[in-house]
1. Could you state how much accessible area Leu238 has, in square angstrom rounded to the nearest 10, with a 1.4 Å probe and all protein chains kept in place?
2. Protein chains only, probe 1.4 Å: how do Glu465, Glu657 rank by accessible area, largest first?
3. Would you mind working out the magnitude of the charge dipole of the chain relative to its Cα centre, with +1 at each Lys and Arg C-beta and -1 at each Asp and Glu C-beta, to the nearest 20 Debye?
4. Per residue of region 409-416, what does 6.51 cos²θ - 1.76 cosθ + 1.60 with θ = phi - 60° give for ³J(HN,Hα)? Whole Hz please, x for Gly and Pro, Karplus curve as stated.
5. Here is the link list: Lys85/Lys180; Lys94/Lys117; Lys94/Lys352; Lys65/Lys658; Lys65/Lys140; Lys105/Lys320. Which ones come out longer than 26 Å on Cα distance?
6. Using only DSSP helix segments of four residues or longer, with each worth -39500 (n - 2.57), what per-residue ellipticity at 222 nm results for the chain after dividing by its residue count and rounding to 500?
7. Could you look at the chain and say what percent of its accessible area is carbon and sulfur, using a 1.4 Å probe and all protein chains?
8. Mind checking which aspartates and glutamates have their Cα closer than 14 Å to the Cα of Lys345? Skip sequence neighbours fewer than 8 apart in that chain.
Amino acid sequence: MKLSCKIFLITFFFTNIYTITYTQSIQPETKSEYNARMAWWKEARFGLFIHWGLYSVPAGEWKGKTEYGEWIRTSAQIPLEEYDKFVGQFNPVKFNADEWVRLAKDAGMKYITITTKHHDGFCLFDSKYTDFDIMSTPFKRDIMKELSDACRKEGIKVCWYHSIMDWHHPDYLPRRDWEKIRSTEGADYDRYVRYVKNQLQELTTNYGNIGVLWFDGEWEGTWTRERGRDLYNYVRELQPNIIINNRVGAGRSGMEGFSEGEESAGDFGTPEQQIPPTGLPDVNWETCMTMNDHWGYNSHDENWKSVKDLVQKIADIASKGGNFLLNVGPTSEGLFPQASTDRLKEIGRWMKINGEAIYGTEASPFKNLTGARCTQKSIDRGTRLYMHILDYPVDGKFIVHGIFNKPMQAFLLSDPQRKLLTVNRAEDALVITVPTIPPDTINTVVVLDVEGRTDVNDPPNIDTEFTIFVDQHEVAVKSNRENDETHYTTDGTIPTVYSPTVRENVKIKETTTISAQCFRDGKVVSGTSKATFVKVQPRSSETLEKPTNGINFAYFEGDWDSLPNFRNLEPLCSGTLSNYNFTPRKEVEYFGFEYNGYIKIPTDGVYIFYTSSDDGSRLYIGSELVVDNDGLHGMSEKSGVVALAKGFHPIRVTFFEKTGSDDLKVSYKGPGLNKQVIPDSVLFK
């Protein structure tokens with residue numbers, strides 16, 4: 001009997017034990033109860049992600065191509081009968097759970113999140129609901145059991161990644177578009193959900209307390225918000241104190257966001273391969289990131305991030321109130337790649353000295369620190385600020401602008417003697433004298449203790465949504481402090497108390513550089529903000545004879561990681577659409593569109609265009625690239641600015657889809673127009 005058939009029979013028998021129910025509310029919990037449940041996770045700040053499974057056997061290579069990772073089963077379009085052969089080849093005899101955990105602990109990591117099952121459906125644990133698991137391999141050892149035991153011995157929280165999507169299970173729908181001969185007859189998605197629940201019961205009852213259940217693969221149409229809320233409740237009933245990420249629910253707003261419009265499931269956001277510029281205010285979040293370009297092991301991928309880059313990312317993320325989940329993709333033998341091990345050891349050396357500046361810290365009180373980051377903790381009678389100096393001052397003077405607290409002491413965190421550093425006041429700033437030679441070339445941490453809660457005044461905010469204008473422009477200049485006066489100049493010079501006071505929007509008619517600074521009782525109390533606004537000529541419109549509503553499209557199919565030059569390719573079909581949609585798309589996963597037409601602009605002015613897409617998209621006005629949202633990614637929005645004259649302008653949008661969900665939204669806003677999806681009524685051909 002073939003393996004896939006055995007899985008179906010076993011699954012059918014066991015998954016009928018439980019009936020599926022849906023609840024419409026998330027587990028009831030007060031804010032204090034939620035904070036208590038999240039406390040260890042926020043204290044930890046730094047964890048290890050492990051992507052491991054059958055995909056480590058081909059090690060990223062299939063039929064001469066070497067760019068694959070954990071998605072190789074579908075990216076390389078490997079039939080089930082071929083992929084199943086990896087089961088007999090997966091024998092990680094060099095796997096040592098104790099060594100893995102010690103490496104993570106020595107790196108300063110406080111928790112480990114490992115793939116119990118990725119999208120290919122293979123389970124690294126002993127499950128009685130399938131034989132597509134570790135016990136069917138020559139290895140025949142429950143990896144999750146060994147790893148969870150090793151974690152508890154070392155005081156590391158063990159966490160599970162578990163995929164909702166499953167390319168192997170006969171009841172999972174939809175099939176991959178390229179699986180033309182794999183029948184869906186008899187498939188029952190509700191039965192598959194019972195299978196998921198049964199395995200989650202195993203994972204939350206057979207291995208002790210689990211810190212996090214990290215879901216993924218929820219974006220296909222078969223998974224709904226209702227299912228997500230139900231699964232969240234189900235897992236919380238099994239382990240009430242467990243933490244669950246936002247990917248349990250459908251309809252995420254980007255990687256980091258939560259479902260919109262209805263009560264959301266999930267306890268924290270999950271930015272992937274990115275650090276949000278300002279963090280995610282009022283949301284717990286965790287950036288997950290690879291050390292090179294792949295999550296799963298790829299023997300050809302040598303594009304490694306440097307130790308300096310990774311350490312500075314730890315500081316950057318903590319300064320914005322987030323956690324960092326750093327990935328390793330082990331080999332099929334059960335070893336961490338040497339490059340990963342080397343980086344973990346170097347990170348560990350830094351964390352051993354400076355971990356105090358990461359663990360249990362809160363986000364920076366400063367909106368912007370040039371060349372530095374800040375984390376903070378409450379101390380007796382005050383606040384301890386950890387100043388992470390990334391760009392070390394050559395003159396030995398580290399300046400902290402906009403802080404009014406009285407300094408108590410300052411010292412280098414790396415100095416075991418804690419020799420005090422000199423701190424002087426200079427108007428709004430504290431100036432700390434540091435050694436002229438940096439103690440740490442990666443990230444020198446200066447501890448600055450100040451009295452009371454932090455009293456920080458950021459530089460005024462200058463509205464810079466766009467920095468070009470056509471006729472005239474009104475610039476909003478605002479301070480976050482009510483008892484300050486904001487003075488500004490329009491020639492780029494640093495303002496003084498005698499410069500004009502901001503009382504309303506600053507009106508400009510020519511190219512202007514605005515500088516602004518806050519004052520209190522005639523004294524400077526903030527750094528300086530500066531922005532330049534350029535007067536431009538709008539792009540001339542074009543004349544159309546007998547325009548009609550609609551846009552032209554060309555449809556393509558192909559395997560791309562970024563947008564190709566569609567004009568060098570032959571479309572499979574072409575025609576006219578009313579707007580940017582996928583109506584002509586065939587039933588395939590990899591496809592692309594090029595849309596051409598004209599947009600009717602109602603008045604002269606500056607316009608912002610947006611593309612929100614999964615995967616890559618670009619928007620051109622004439623030959624000018626306005627929005628570049630290219631590349632493989634989840635749903636992501638990018639924008640661009642252009643000055644346009646009233647009338648018709650050629651607009652071209654390109655899009656491609658490779659993996660995951662597929663969607664494209666094209667929006668704009670301008671004079672008298674709030675941000676909106678571009679309506680059919682303004683598109684012409």
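1. Near enough 50 Å² of accessible area.
2. Output order, biggest surface exposure first: Glu465, Glu657.
3. With only Lys, Arg, Asp and Glu charged at Cβ, the dipole is about 980 debye.
4. For region 409-416, the Karplus-derived couplings read 6, 9, 7, 7, 5, 7, 8, x Hz, x marking Gly and Pro.
5. Values: Lys85/Lys180 20 Å; Lys94/Lys117 21 Å; Lys94/Lys352 28 Å; Lys65/Lys658 16 Å; Lys65/Lys140 31 Å; Lys105/Lys320 23 Å.
From the list (Lys85/Lys180; Lys94/Lys117; Lys94/Lys352; Lys65/Lys658; Lys65/Lys140; Lys105/Lys320), the Cα-Cα distance tops 26 Å for Lys94/Lys352; Lys65/Lys140.
6. On the way: 11 runs with 122 residues, N = 685.
About -5500 deg cm²/dmol.
7. On the way: 13910 of 29290 Å².
So the carbon and sulfur contribution to the accessible surface is 47 percent.
8. Once the sequence-local aspartates and glutamates are set aside, what remains near Lys345 is Glu99, Asp106.
The values are calculated or read from the model by the stated rules, or taken from the named source; none is laboratory data. Because the structure is predicted, anything quoted here is derived from the model rather than measured. Neighbour counts run over all protein chains shown; Cβ positions are idealised from the backbone, glycine included. Heavy atoms of the whole protein, side chains included, go into the accessibility calculation; ligands, DNA and RNA do not. Shrake-Rupley method; radii C 1.70, N 1.55, O 1.52, S 1.80 Å.
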